[in-house]
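Structure first, commentary second.
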Amino acid sequence: MATVDRSKRLRDPRHDHGAVDRSAVGTGAIAGVVLRGAVVLAALRRRYEPSLWRDEARAQTTRLLAGTRAGTVSGRDHDGVAPRCYRSRRGEPALWLRPGTGDSAVWGEVNVRGVYEPPWPIPSRSRVLDLGGHAGYFARWALTNWPVARMVSVEPDDANANLLERNAQTLADPRWSLVLAAASSSSGTAAFAGGRGCGSGLRDGGEDTVQTVDGLELLADCEFAKIDIEGAEWLLLNDERFSDSGPPMLVLEYHPCDGVIDPASKARQRLESYGYEVRDGHPEEVPGVGVLWARRPANARG
């Protein structure tokens, strides 16, 4: 069973400048959204009980017609949406998600679109760090498909963490634990814009205050890291400790940041400056938001 470290309910205003309000960023043309949604709904229909895809289709259609599709309206658009549990058709662990939010899209990125299919083999018995745990879909997939010795998910949004805990309980894997905090460049507290699902993040003027953990210390204690922390990745990438603390392999979702004209090139440059080989991952669908894979030479760290 997954364990939860709630002592690290980690605001340092100095660390809020890098985040971006992705809830105000469009996710592409309506036709593209509908097509991707249809593919994900089809996969959900094959794998889980019929009520899931029906609930999701009904909720997403209602939001779309009302112009309140999750991720297009700034603010706490996930507040008040109750998680629901759905049984698997294949004997897999049950799945928890919030119909009509961005949860199904994230599940689809992981399980249908292959966003986290690595370009290199994952080392055996890897300690995996999941910075930006969201609802736990990446962690569940990795625990099932990779040779993971330990999985630590770091997630500061209360509603997301609640959903993650439920997904962890259905998986019942003792290798998986949760730290309820935001990854930053130091431990303390920070302003946080919550209630936005996968778009929640550290932000100036955020309505909430959360604890932060030193992400560089966590990175130094893993072999693989997935970093998707809504702009706070720049706090880590711009910290010179990354040269020594960065893990042997990582996947990074980069986001727009004040003063950064080309986030993809800047993120690549920072990683290469620390000695990483970098490959493009899933292409950008939102301007300035994309995925990079990186690894160090064998046995090199810093």
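Conditions (1) open to solvent by 20 Å² or more (accessible area, probe 1.4 Å); (2) modelled with pLDDT of 95 or more, marked per residue:
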site: PHE224; (1), (2): no, yes
site: ASN238; (1), (2): yes, yes
site: MET249; (1), (2): no, yes
site: SER265; (1), (2): yes, yes
site: ARG270; (1), (2): yes, yes
site: PRO283; (1), (2): yes, no
site: PRO287; (1), (2): yes, no
site: ARG295; (1), (2): yes, yes
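Within the stretch 174-207, can you find the residues that are among the charged types (D, E, K, R) and buried (at least 18 other Cβ atoms within 10 Å of the Cβ)? Matches in the stretch 174-207: ARG196, ARG203. Sub-6 Å Cβ pairs linking a first residue in the stretch 103-120 that is over 15 Å from GLU285 (Cα atoms) to a second residue that is open to solvent by less than 10 Å² (accessible area, probe 1.4 Å) and charged (D, E, K, R), at least 6 apart or interchain, are SER104/GLU56, ordered by first then second residue.
Surrounded by fewer than 19 Cβ atoms within 10 Å (Cβ to Cβ), modelled with pLDDT under 85 and within 24 Å of ASN238 (Cβ to Cβ), is that true of VAL25? So VAL25 passes the test.
Once the stretch 84-135 is narrowed to residues that are open to solvent by less than 30 Å² (accessible area, probe 1.4 Å) and among the β-branched types (Val, Ile, Thr), the residue that is farthest from ALA232 (Cα to Cα) is ILE122. Listed by first and then second residue, the pairs linking a residue in the stretch 32-43 that is closer than 16 Å to ALA59 by Cα to a residue that is among the acidic types (Asp, Glu) and assigned to a helix (DSSP H, G or I), with Cβ atoms under 8 Å apart and 6 or more places separating them unless they lie on different chains, are LEU41/GLU56. Against the list (1) under 24 Å from PRO147 (Cβ atoms); (2) crowded, with 20+ Cβ neighbours inside 10 Å, the condition GLU277 fails is (2).
The values are calculated or read from the model by the stated rules, or taken from the named source; none is laboratory data. Not measured: the values here are computed from a predicted model. Here the Cβ is made from the backbone with ideal geometry for all residues, glycine too, and neighbour counts use every protein chain on show. Each accessible area value is taken on the protein alone, full model and side chains, heavy atoms only, with ligands, DNA and RNA left out. Shrake-Rupley method; radii C 1.70, N 1.55, O 1.52, S 1.80 Å.
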